[in-house]
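Every number here is computed from the coordinates shown, using simple stated rules; none is lab data. No experiment lies behind these values; they were computed from the predicted model shown. Here the Cβ is made from the backbone with ideal geometry for all residues, glycine too, and neighbour counts use every protein chain on show.
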């Protein structure tokens with residue numbers, strides 16, 4: 001009994017402190033395959049396999065209602081504490097190699113995600129790539145702005161040089 005209470009408390013904490021949560025079904029996966037999945041997402045998430053009743057109680061304790069009616073069969077949760085896109089990509093890639101893993105649904109920032117939305121999330125660029133692209137766009141726009149501010153001065157200098165050259169030839 002105390003073990004179940006400790007598990008519920010730990011799961012409740014994970015529900016409350018996760019950036020995103022993905023609900024999966026892992027029917028037919030081996031222990032080795034689950035270890036491989038855990039390893040592939042360990043940088044950004046923890047993968048918790050627990051009884052559906054304990055997951056239901058923990059979700060209710062945390063005020064999460066997104067998974068009501070969906071906790072049946074062998075269910076597990078990926079509790080994301082880092083890059084949600086990276087976790088979605090890892091799970092998508094793992095599911096391609098191991099089709100027995102099914103990502104059912106998810107929740108991110110309080111918004112319920114359908115199975116299709118989780119797939120779209122996995123198709124996004126990673127956070128680092130998006131930041132690099134934004135930095136590149138910012139740098140390009142700064143270069144354009146600097147060029148625009150410098151262009152009138154350069155044109156004025158060329159005009160003054162042309163006037164001097166004209167005066168020198170007329171004199």
If you take the beta carbon distance between residue 154 and residue 81 as r and set R0 to 41 Å, what does 1/(1 + (r/R0)^6) give as a FRET efficiency, to the nearest 0.05? 0.20
If you build a Gaussian network model of the chain, linking Cα atoms that sit under 10 Å apart, which residue out of 141, 42, 114 swings the most? 141
Based on the Cβ-Cβ distance from residue 93 to residue 128, what FRET efficiency comes out when R0 is 22 Å, to the nearest 0.05? 0.80
From the Cα gyration tensor of segment 127-171, with a ≥ b ≥ c the square roots of its eigenvalues, which class applies: rounded if a/c is under 1.5, or else prolate if a/b is larger than b/c, or else oblate? prolate
How much FRET efficiency would the formula 1/(1 + (r/R0)^6) give for residue 137 and residue 112, where r is the Cβ-Cβ distance and R0 is 30 Å, rounded to 0.05? 0.40
Ranked list, fewest to most other Cβ atoms within 10 Å of each Cβ, for 83, 13, 109: 109, 13, 83
Report, to the nearest 10°, how far helix 127-170 tilts away from the longest principal axis of the Cα atoms in the chain, using its own Cα long axis and a range of 0 to 90°. 0 degrees
Computed label-point distance, nm, for sites residue 34 and residue 2 using a 7 Å Cα→Cβ extension: 2.5 nm
